[in-house]
1. With a 1.4 Å probe and all protein chains kept in place, how do His232, His153 rank by accessible area, largest first?
2. Starting at 0 and stepping by 5 Å, how many percent of the alpha carbon pairs of region 162-285 end up in each bin?
3. Ignoring ligands, DNA and RNA, what accessible area per residue does region 162-285 give at 1.4 Å, in Å²?
4. Quick check: at a probe of 1.4 Å, how many percent of the accessible area of region 162-285 sits on carbon and sulfur atoms?
5. At a 1.4 Å probe radius, which order do Tyr121, Tyr152 fall into by accessible area, largest first?
6. For region 162-285, what is the charge dipole size about the Cα centre, in debye to the nearest 20, if Lys and Arg each add +1 at the Cβ and Asp and Glu each add -1 at the Cβ?
7. Measure up Lys108/Lys201; Lys116/Lys193; Lys51/Lys193; Lys116/Lys201 against 22 Å on the Cα-Cα distance and list the ones that go over.
Amino acid sequence: VSEWGLVLATLYNEVGDKGWPDAVFIQVCAMVGDTSGEVRTAAFASLGQMKLVSDDLLLQTLSKKITIHFKKRKKIGMCASKKFDLPASNVAGVFVHGLEDEFSEVRKSTCISLGKLTISYVQFAEEALNLLMAMLDDDITEVRLQCLQTMYHMATSDCLKVQHLHMHMFLSTLVDSNTLIQCATRKVLRLMKPTNLDMFKSMINGLLTNLESYVEDEADIFNVLFKIGAGHSNFVVNFVRETFDEVSINLHFPRRVLIYAIPFLGRISSSLRDVMSQDTLFAYLS
(Lines give C-alpha, C1' and ligand atoms only; values in the text may rest on other atoms or scores of the structure.)
Protein backbone atom coordinates (compact mmCIF):
# COMPACT_ATOMS: atom_id res chain seq x y z
CA VAL A 1 0.00 0.00 0.00
CA SER A 2 2.86 2.34 0.82
CA GLU A 3 4.58 1.69 -2.52
CA TRP A 4 1.28 2.32 -4.26
CA GLY A 5 1.00 5.63 -2.45
CA LEU A 6 4.44 6.74 -3.63
CA VAL A 7 3.45 5.96 -7.22
CA LEU A 8 0.26 7.99 -6.85
CA ALA A 9 2.23 10.88 -5.38
CA THR A 10 4.42 11.01 -8.48
CA LEU A 11 1.27 11.20 -10.62
CA TYR A 12 -0.14 14.10 -8.59
CA ASN A 13 1.19 16.78 -10.94
CA GLU A 14 -0.55 15.07 -13.82
CA VAL A 15 -3.93 14.34 -12.28
CA GLY A 16 -4.04 17.00 -9.55
CA ASP A 17 -6.17 14.81 -7.24
CA LYS A 18 -4.86 15.04 -3.67
CA GLY A 19 -7.53 12.59 -2.55
CA TRP A 20 -5.33 9.72 -3.68
CA PRO A 21 -2.36 10.33 -1.33
CA ASP A 22 -4.77 11.08 1.52
CA ALA A 23 -6.64 7.82 0.95
CA VAL A 24 -3.42 5.81 0.94
CA PHE A 25 -2.29 7.53 4.14
CA ILE A 26 -5.57 6.64 5.85
CA GLN A 27 -5.32 3.04 4.60
CA VAL A 28 -1.87 2.65 6.17
CA CYS A 29 -3.10 4.29 9.38
CA ALA A 30 -5.69 1.51 9.60
CA MET A 31 -2.82 -0.99 9.74
CA VAL A 32 -1.13 0.44 12.85
CA GLY A 33 -3.71 -1.38 14.95
CA ASP A 34 -2.68 -4.79 13.64
CA THR A 35 -2.10 -7.48 16.27
CA SER A 36 1.40 -8.12 14.93
CA GLY A 37 4.15 -5.87 16.27
CA GLU A 38 6.09 -6.37 13.04
CA VAL A 39 3.18 -5.13 10.96
CA ARG A 40 2.75 -2.09 13.21
CA THR A 41 6.45 -1.32 12.92
CA ALA A 42 6.28 -1.55 9.13
CA ALA A 43 3.12 0.55 9.03
CA PHE A 44 4.73 3.42 10.93
CA ALA A 45 7.84 3.17 8.75
CA SER A 46 5.55 3.49 5.72
CA LEU A 47 3.79 6.57 7.10
CA GLY A 48 7.12 8.35 7.19
CA GLN A 49 7.45 7.88 3.42
CA MET A 50 4.10 9.46 2.59
CA LYS A 51 4.07 12.53 0.36
CA LEU A 52 1.47 15.21 -0.43
CA VAL A 53 -0.71 14.33 2.56
CA SER A 54 -3.15 17.06 3.61
CA ASP A 55 -2.04 19.15 6.58
CA ASP A 56 -5.25 18.58 8.50
CA LEU A 57 -4.85 14.80 8.20
CA LEU A 58 -1.31 14.94 9.56
CA LEU A 59 -2.24 17.17 12.48
CA GLN A 60 -5.08 14.85 13.43
CA THR A 61 -2.56 12.00 13.83
CA LEU A 62 -1.09 13.88 16.79
CA SER A 63 -4.32 14.05 18.77
CA LYS A 64 -6.83 11.40 19.80
CA LYS A 65 -9.49 14.09 20.06
CA ILE A 66 -11.25 14.40 16.71
CA THR A 67 -11.71 17.99 15.57
CA ILE A 68 -15.06 19.34 14.41
CA HIS A 69 -13.64 19.57 10.90
CA PHE A 70 -12.89 15.86 10.92
CA LYS A 71 -16.30 14.93 12.18
CA LYS A 72 -17.63 16.47 8.98
CA ARG A 73 -14.94 14.90 6.81
CA LYS A 74 -16.39 11.41 6.82
CA LYS A 75 -14.79 9.88 3.74
CA ILE A 76 -11.94 10.47 1.33
CA GLY A 77 -12.53 10.37 -2.42
CA MET A 78 -10.12 8.10 -4.26
CA CYS A 79 -11.11 9.42 -7.68
CA ALA A 80 -14.12 10.90 -9.38
CA SER A 81 -15.61 7.56 -10.39
CA LYS A 82 -15.41 5.59 -7.15
CA LYS A 83 -15.56 6.09 -3.38
CA PHE A 84 -13.94 3.88 -0.77
CA ASP A 85 -15.21 3.63 2.77
CA LEU A 86 -12.17 5.20 4.51
CA PRO A 87 -13.28 7.27 7.50
CA ALA A 88 -10.91 10.16 8.03
CA SER A 89 -11.26 9.55 11.77
CA ASN A 90 -9.02 6.48 11.30
CA VAL A 91 -6.01 8.75 11.57
CA ALA A 92 -6.96 10.24 14.97
CA GLY A 93 -4.04 9.96 17.38
CA VAL A 94 -2.17 7.41 15.26
CA PHE A 95 1.27 8.68 16.24
CA VAL A 96 0.21 8.99 19.87
CA HIS A 97 -0.72 5.31 19.84
CA GLY A 98 2.57 4.48 18.17
CA LEU A 99 4.60 6.20 20.86
CA GLU A 100 2.56 4.41 23.53
CA ASP A 101 2.98 0.98 21.91
CA GLU A 102 4.16 -1.84 24.17
CA PHE A 103 6.95 -2.81 21.75
CA SER A 104 10.04 -0.61 21.66
CA GLU A 105 10.59 -1.31 17.95
CA VAL A 106 7.20 0.21 17.17
CA ARG A 107 7.99 3.28 19.27
CA LYS A 108 11.34 3.69 17.50
CA SER A 109 9.70 3.36 14.10
CA THR A 110 7.16 6.01 15.13
CA CYS A 111 9.95 8.42 16.15
CA ILE A 112 11.71 7.94 12.82
CA SER A 113 8.54 8.61 10.83
CA LEU A 114 7.74 11.71 12.84
CA GLY A 115 11.19 13.04 12.03
CA LYS A 116 10.77 12.44 8.30
CA LEU A 117 7.36 14.08 8.13
CA THR A 118 8.44 17.18 10.06
CA ILE A 119 10.75 18.24 7.24
CA SER A 120 7.87 18.75 4.82
CA TYR A 121 5.23 20.12 7.17
CA VAL A 122 6.13 23.09 9.40
CA GLN A 123 3.08 23.16 11.67
CA PHE A 124 3.24 19.40 12.04
CA ALA A 125 6.87 19.72 13.19
CA GLU A 126 5.94 22.13 15.97
CA GLU A 127 3.14 19.91 17.24
CA ALA A 128 5.11 16.66 16.90
CA LEU A 129 7.94 18.03 19.04
CA ASN A 130 5.68 17.94 22.11
CA LEU A 131 5.26 14.18 21.68
CA LEU A 132 8.96 13.63 21.06
CA MET A 133 9.93 15.53 24.20
CA ALA A 134 7.70 13.27 26.27
CA MET A 135 9.49 10.23 24.80
CA LEU A 136 12.78 11.32 26.36
CA ASP A 137 11.47 9.65 29.51
CA ASP A 138 11.01 6.26 27.81
CA ASP A 139 12.19 3.21 29.76
CA ILE A 140 14.19 1.84 26.82
CA THR A 141 17.55 3.47 26.05
CA GLU A 142 17.28 2.74 22.31
CA VAL A 143 13.98 4.61 22.12
CA ARG A 144 15.37 7.65 23.95
CA LEU A 145 18.38 7.62 21.67
CA GLN A 146 16.22 7.40 18.55
CA CYS A 147 14.13 10.29 19.82
CA LEU A 148 17.24 12.46 20.19
CA GLN A 149 18.48 11.39 16.77
CA THR A 150 15.13 12.44 15.32
CA MET A 151 15.48 15.86 16.97
CA TYR A 152 18.98 16.19 15.53
CA HIS A 153 17.60 15.30 12.11
CA MET A 154 14.97 18.03 12.56
CA ALA A 155 17.62 20.53 13.67
CA THR A 156 19.79 19.91 10.60
CA SER A 157 16.71 20.65 8.48
CA ASP A 158 16.00 23.83 10.48
CA CYS A 159 12.61 22.61 11.70
CA LEU A 160 13.42 22.07 15.38
CA LYS A 161 11.53 24.85 17.19
CA VAL A 162 12.24 24.14 20.85
CA GLN A 163 10.44 26.31 23.41
CA HIS A 164 11.54 27.17 26.94
CA LEU A 165 8.81 24.93 28.36
CA HIS A 166 10.59 21.95 26.76
CA MET A 167 13.98 22.66 28.30
CA HIS A 168 13.55 20.92 31.67
CA MET A 169 12.65 17.61 30.03
CA PHE A 170 15.27 17.95 27.32
CA LEU A 171 18.17 18.91 29.63
CA SER A 172 17.35 16.03 31.96
CA THR A 173 18.95 13.75 29.36
CA LEU A 174 22.33 15.36 30.14
CA VAL A 175 22.34 13.43 33.41
CA ASP A 176 21.21 10.18 31.78
CA SER A 177 23.28 7.22 32.94
CA ASN A 178 23.96 6.28 29.31
CA THR A 179 26.92 8.07 27.69
CA LEU A 180 25.41 7.81 24.21
CA ILE A 181 22.30 9.65 25.39
CA GLN A 182 24.38 12.49 26.82
CA CYS A 183 26.43 12.74 23.64
CA ALA A 184 23.30 12.78 21.46
CA THR A 185 21.81 15.53 23.62
CA ARG A 186 24.89 17.70 23.18
CA LYS A 187 24.75 17.18 19.41
CA VAL A 188 21.24 18.63 19.41
CA LEU A 189 22.29 21.51 21.67
CA ARG A 190 24.97 22.50 19.15
CA LEU A 191 22.22 23.26 16.65
CA MET A 192 19.48 24.45 18.97
CA LYS A 193 18.34 28.05 18.60
CA PRO A 194 17.32 29.65 21.92
CA THR A 195 14.50 32.16 21.52
CA ASN A 196 15.25 34.19 24.65
CA LEU A 197 17.86 34.74 27.38
CA ASP A 198 16.15 32.44 29.88
CA MET A 199 16.27 29.56 27.43
CA PHE A 200 19.92 30.34 26.66
CA LYS A 201 20.77 30.35 30.38
CA SER A 202 19.02 27.00 30.83
CA MET A 203 21.17 25.51 28.07
CA ILE A 204 24.42 26.87 29.53
CA ASN A 205 23.60 25.89 33.11
CA GLY A 206 22.59 22.42 31.95
CA LEU A 207 25.95 21.98 30.22
CA LEU A 208 27.87 23.27 33.24
CA THR A 209 26.03 20.79 35.45
CA ASN A 210 26.89 18.10 32.92
CA LEU A 211 30.55 19.14 33.17
CA GLU A 212 30.55 18.92 36.96
CA SER A 213 29.24 15.36 36.87
CA TYR A 214 31.20 14.09 33.86
CA VAL A 215 34.60 15.78 33.80
CA GLU A 216 35.86 13.21 31.29
CA ASP A 217 33.56 14.81 28.69
CA GLU A 218 35.08 18.26 29.18
CA ALA A 219 36.39 18.61 25.61
CA ASP A 220 33.01 17.84 24.06
CA ILE A 221 31.14 20.08 26.51
CA PHE A 222 33.55 22.99 25.90
CA ASN A 223 33.00 22.52 22.18
CA VAL A 224 29.23 22.71 22.57
CA LEU A 225 29.53 25.82 24.76
CA PHE A 226 31.68 27.46 22.10
CA LYS A 227 29.24 26.63 19.28
CA ILE A 228 26.29 27.95 21.25
CA GLY A 229 28.15 31.11 22.26
CA ALA A 230 29.45 31.77 18.75
CA GLY A 231 25.92 31.72 17.40
CA HIS A 232 24.33 33.85 20.12
CA SER A 233 26.84 36.53 21.12
CA ASN A 234 24.26 38.95 22.55
CA PHE A 235 22.99 36.29 24.94
CA VAL A 236 26.59 35.50 25.94
CA VAL A 237 27.32 39.11 26.91
CA ASN A 238 24.19 39.36 29.06
CA PHE A 239 24.80 35.97 30.65
CA VAL A 240 28.41 36.75 31.62
CA ARG A 241 27.51 40.17 32.99
CA GLU A 242 24.78 38.67 35.16
CA THR A 243 27.20 36.01 36.39
CA PHE A 244 29.78 38.62 37.35
CA ASP A 245 27.14 40.63 39.20
CA GLU A 246 26.24 37.56 41.23
CA VAL A 247 29.81 37.06 42.45
CA SER A 248 30.41 40.82 42.91
CA ILE A 249 33.36 41.09 40.51
CA ASN A 250 33.80 44.39 38.73
CA LEU A 251 35.57 43.58 35.46
CA HIS A 252 36.14 45.35 32.20
CA PHE A 253 34.28 43.11 29.78
CA PRO A 254 35.34 41.34 27.65
CA ARG A 255 39.13 41.86 27.91
CA ARG A 256 39.48 40.45 31.44
CA VAL A 257 37.31 37.49 30.53
CA LEU A 258 39.66 36.55 27.71
CA ILE A 259 42.71 36.99 29.95
CA TYR A 260 41.27 34.48 32.41
CA ALA A 261 40.98 31.98 29.54
CA ILE A 262 44.76 31.91 28.85
CA PRO A 263 45.67 29.50 31.72
CA PHE A 264 43.15 27.06 30.24
CA LEU A 265 44.55 27.40 26.72
CA GLY A 266 45.50 23.74 26.33
CA ARG A 267 42.16 22.41 27.48
CA ILE A 268 40.17 24.92 25.44
CA SER A 269 42.20 24.42 22.25
CA SER A 270 41.76 20.67 22.55
CA SER A 271 38.00 21.08 22.55
CA LEU A 272 38.10 23.53 19.64
CA ARG A 273 40.46 21.57 17.39
CA ASP A 274 37.75 21.38 14.72
CA VAL A 275 37.46 25.18 14.77
CA MET A 276 40.96 26.63 15.19
CA SER A 277 44.56 25.73 16.06
CA GLN A 278 46.10 26.39 19.48
CA ASP A 279 48.37 29.05 17.99
CA THR A 280 45.40 30.89 16.48
CA LEU A 281 43.50 30.75 19.78
CA PHE A 282 46.55 31.92 21.77
CA ALA A 283 47.12 34.83 19.38
CA TYR A 284 43.47 35.85 19.75
CA LEU A 285 43.48 35.70 23.55
CA SER A 286 46.83 37.54 23.71
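The values are calculated or read from the model by the stated rules, or taken from the named source; none is laboratory data. This is a predicted model, so every value here is computed, not measured. Cβ atoms come from the backbone with ideal geometry, glycine included; neighbour counts cover every protein chain shown. When the accessible area is computed, the model is the full protein with side chains, heavy atoms only, and any ligands, DNA or RNA have been set aside. Shrake-Rupley method; radii C 1.70, N 1.55, O 1.52, S 1.80 Å.
1. Working: His232 40, His153 75 Å².
Descending order: His153, His232.
2. Calculated P(r), rounded to whole percents: 2, 10, 19, 22, 22, 16, 8, 2, 0.
3. Numbers: 7180 Å² over 124 residues.
I get 58 Å² per residue for region 162-285.
4. Details: 4090 of 7180 Å².
On region 162-285, the fraction of accessible area on carbon and sulfur atoms equals 57 percent.
5. Values: Tyr121 30, Tyr152 80 Å².
So the residues, ranked largest to smallest area, are Tyr152, Tyr121.
6. Numbers: 11 positive and 12 negative charges, 79 e Å.
Around 380 debye, computed over region 162-285.
7. Values: Lys108/Lys201 31 Å; Lys116/Lys193 20 Å; Lys51/Lys193 28 Å; Lys116/Lys201 30 Å.
Over 22 Å apart, Cα to Cα: Lys108/Lys201; Lys51/Lys193; Lys116/Lys201.
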